[in-house]
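The values are calculated or read from the model by the stated rules, or taken from the named source; none is laboratory data. Only a predicted model underlies this, so the values are computations on that prediction, with no experimental measurement involved. Here the Cβ positions follow ideal geometry from the backbone for every residue, glycine too, while neighbour counts run over all protein chains shown.
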Amino acid sequence: MSEYALRPATIADLDDVVRLRRRMFESMGVTDIAALDRSDAACMTYFAQAIPSGEYQGWVVETPDGRVVASVGCVIDQHPPGPGNPTGRIGYIMNLYVEPEHRRRGLARRIMTAVLGHLRADGVTAS
């Protein structure tokens, strides 16, 4: 597993984040190419703003040659505070995807550990 590098996603990863998100939907059985293309275009616009602003926090895993083969992201939503969540902040984890040829190597666990650690460090106790 040491041949893989885990790091925060940056704006330079925009194409890879959108590509892996699309692959996730395709693996879930979405076959409407036009809908996937519309989603890709809308996500390019969203992530281009949300990654630099910090609204979207993402992580990618790359191979030694720099190929991004896995990703995950999260946003923090504000809900009304409650007894079990006095801040009302809820982490929404999304878009976890590992390319098939890189599965069964602990990459999903590694990136989920990173996102959950980030949320805990940011004081988010609900997800």
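Here is a list: Gly84, Gly66, Gly29. Which entry is modelled with pLDDT under 95, among the small types (Gly, Ala, Ser) and either more than 26 Å from Gly123 (Cβ to Cβ) or touching a Cys at 6+ places or on another chain (Cβ under 8 Å) (or both)?
Of Gly84, Gly66, Gly29, the one residue that is modelled with pLDDT under 95, among the small types (Gly, Ala, Ser) and either more than 26 Å from Gly123 (Cβ to Cβ) or touching a Cys at 6+ places or on another chain (Cβ under 8 Å) (or both) is Gly66.
Go through (1) surrounded by 13 or more Cβ atoms within 10 Å (Cβ to Cβ); (2) free of Cβ contacts under 8 Å to residues at least 12 places away in the same chain for Arg110 and report which single condition fails.
With (1) surrounded by 13 or more Cβ atoms within 10 Å (Cβ to Cβ); (2) free of Cβ contacts under 8 Å to residues at least 12 places away in the same chain applied to Arg110, the lone miss is (2).
Need the failing condition index for Arg21 against (1) in a loop (DSSP other than H, G, I, E, B); (2) in contact (Cβ under 8 Å) with a residue 24 or more places away in the chain, just the number.
(1)
Taking the conditions exactly as written (aromatic (Phe, Trp, Tyr) and assigned to a helix (DSSP H, G or I)), does Tyr97 satisfy them or not?
no
For segment 40-63, check the following and say yes or no: at least one residue is part of a loop (DSSP other than H, G, I, E, B) and farther than 27 Å from Tyr4 by Cα.
Within segment 40-63 (the criterion being part of a loop (DSSP other than H, G, I, E, B) and farther than 27 Å from Tyr4 by Cα), the answer is no, since none of the residues qualifies.
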